[in-house]
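The values are calculated or read from the model by the stated rules, or taken from the named source; none is laboratory data. Here the structure is a predicted model, which is why all the values come from computation and not from measurement. Note that each Cβ is placed from the backbone with ideal geometry, even for glycine, and that neighbours are counted across all protein chains shown. Ligands, DNA and RNA are stripped out before the accessible areas are found, and what is left, the full protein with its side chains, is counted by its heavy atoms. Shrake-Rupley method; radii C 1.70, N 1.55, O 1.52, S 1.80 Å.
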Amino acid sequence: VPNAQGDLTLSHLNLDAVTQFILGTGTTDGDGKSQWPQQAFLANPLFPVSFDLKLTAGDADAGIIGHIRNFQTAATLTEGSLRLADTRGDLYGGRLEGMFELRNTSGTGLATGQFTLDQAAIDGLYRPQTGIPPVRGKARISASVNATGTSMAELVGSVAGSGVVSVGGLEINS
């Protein structure tokens, strides 16, 4: 199995493409506003490779979550398990720090994450499709989540965990 180690700096990183490498092409397609894809995850990652990289990207596209600027992580891939440790970046005007892991065990996906998003703009986190945002302010979100499933629909449907949300400077638009 090929193994890459070292430091990698990119101007742009597509995290959805990395996810599809683990779960299968097309398994994460969707906008998060309608039904989640029901396509079954692959029994094994697309091809055997492993890496242990200090990864830095000016912009990391995290799909429906948004773009994480100044992204940094210690990325490890081995035997169908991707771990992003010491992850840091700027998201919605706030600072994201945490750990994320995605595993594919014989077609069953397991996702775990522990993170804090501090000083994030609430109107970036929650924005209706039309009109002005109903709320403004800054949020601190700390959470620990996990999910399991054989498709993205099952994975999202099984999300469980705990967390705390604190809000400062709250403005409600009427």
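Could you tell me which numbered condition Leu42 fails, if it satisfies all but one of (1) out of contact with any strand residue (DSSP E or B) (no Cβ under 6 Å at 6 or more places or on another chain); (2) surrounded by fewer than 15 Cβ atoms within 10 Å (Cβ to Cβ); (3) within 24 Å of Gly107 (Cβ to Cβ)?
Leu42 satisfies all of (1) out of contact with any strand residue (DSSP E or B) (no Cβ under 6 Å at 6 or more places or on another chain); (2) surrounded by fewer than 15 Cβ atoms within 10 Å (Cβ to Cβ); (3) within 24 Å of Gly107 (Cβ to Cβ) except (2).
Determine, yes or no, whether Phe71 is on the phi < 0 side of the Ramachandran plot, open to solvent by 20 Å² or more (accessible area, probe 1.4 Å) and aromatic (Phe, Trp, Tyr). Walk me through how you get there before you give the answer.
On the way: on the phi < 0 side of the Ramachandran plot: yes; open to solvent by 20 Å² or more (accessible area, probe 1.4 Å): no; aromatic (Phe, Trp, Tyr): yes.
Answer is no for this residue.
Considering only residues that are open to solvent by 60 Å² or more (accessible area, probe 1.4 Å) and out of contact with any strand residue (DSSP E or B) (no Cβ under 7 Å at 6 or more places or on another chain), which ones fall in region 136-156?
The initial filter retains those residues of region 136-156 that are open to solvent by 60 Å² or more (accessible area, probe 1.4 Å), namely 136, 138, 140, 146, 148, 154.
The one that is open to solvent by 60 Å² or more (accessible area, probe 1.4 Å) and out of contact with any strand residue (DSSP E or B) (no Cβ under 7 Å at 6 or more places or on another chain): Glu154.
Scan Ala153, Ala139, Ala111 and give me the residue that is outside any strand (DSSP E or B), within 19 Å of the chain's Cα centre (by Cα) and in contact (Cβ under 8 Å) with a residue 40 or more places away in the chain. It would help to see each step written out before you state the result.
Details: Ala139 fails: outside any strand (DSSP E or B); Ala111 fails: outside any strand (DSSP E or B).
It is Ala153.
Considering each of Leu53, Leu91 in turn, give the residue that is more than 25 Å from Pro2 (Cα to Cα), open to solvent by less than 40 Å² (accessible area, probe 1.4 Å) and modelled with pLDDT of 95 or more.
Values: Leu53 fails: more than 25 Å from Pro2 (Cα to Cα).
Result of the check over Leu53, Leu91: Leu91.
Of the residues Pro128, Pro133, only one is open to solvent by 20 Å² or more (accessible area, probe 1.4 Å) and in a loop (DSSP other than H, G, I, E, B); which?
On the way: Pro133 fails: open to solvent by 20 Å² or more (accessible area, probe 1.4 Å).
Answer to the check: Pro128.
Just one of the numbered conditions (1) in contact (Cβ under 8 Å) with a residue 24 or more places away in the chain; (2) of a type in the set (D, E, K, R); (3) open to solvent by 40 Å² or more (accessible area, probe 1.4 Å) is not true of Asp29; which one?
Status for Asp29: all satisfied but (1).
Return the residues of region 120-140 that are among the small types (Gly, Ala, Ser), at pLDDT below 90 and closer than 16 Å to Ile68 by Cα; say none if nothing qualifies.
Residues of region 120-140 that are among the small types (Gly, Ala, Ser), as a first pass: 120-121, 124, 131, 137, 139.
This time we only want the ones that are at pLDDT below 90, so: 124, 131.
Within region 120-140, Gly124 is the sole residue that qualifies.
Tally time: how many residues in region 1-26 are surrounded by 11 or more Cβ atoms within 10 Å (Cβ to Cβ) and in a loop (DSSP other than H, G, I, E, B)?
Counting residues in region 1-26 that are surrounded by 11 or more Cβ atoms within 10 Å (Cβ to Cβ) and in a loop (DSSP other than H, G, I, E, B) gives 3.
Could you check region 85-107 and list, in sequence order, the residues that are within 26 Å of Glu154 (Cα to Cα), of a type outside the set (A, V, I, L, M) and out of contact with any Phe, Trp or Tyr (no Cβ under 7 Å at 6 or more places or on another chain)?
Passing the criteria: Phe100, Glu101, Arg103, Thr105, Ser106.
From the list Asp16, Asp90, Asp52, which one is farther than 16 Å from Thr150 by Cα and touching a Lys or Arg at 6+ places or on another chain (Cβ under 7 Å)?
Matching residue, one of Asp16, Asp90, Asp52: Asp90.
Restricting to region 105-114, and then to whatever is out of contact with any Ser or Thr (no Cβ under 7 Å at 6 or more places or on another chain) and of a type in the set (Gly, Ala, Ser), can you tell me which residue is surrounded by the fewest Cβ atoms within 10 Å (Cβ to Cβ)? Please lay out each step first, then the result.
Pass one, region 105-114, residues out of contact with any Ser or Thr (no Cβ under 7 Å at 6 or more places or on another chain): 105-106, 111-113.
This time we only want the ones that are of a type in the set (Gly, Ala, Ser), so: 106, 111, 113.
Numbers: Ser106: 10, Ala111: 21, Gly113: 18.
Taking the candidates together, the pick is Ser106.
Quick test for you: out of Leu117, Leu96, Leu102, Leu82, pick the one residue that is surrounded by 17 or more Cβ atoms within 10 Å (Cβ to Cβ), assigned to a strand (DSSP E or B) and at pLDDT below 95. Full working, then the answer.
Numbers: Leu117 fails: at pLDDT below 95; Leu96 fails: at pLDDT below 95; Leu102 fails: at pLDDT below 95.
Being surrounded by 17 or more Cβ atoms within 10 Å (Cβ to Cβ), assigned to a strand (DSSP E or B) and at pLDDT below 95 holds for just one of Leu117, Leu96, Leu102, Leu82, which is Leu82.
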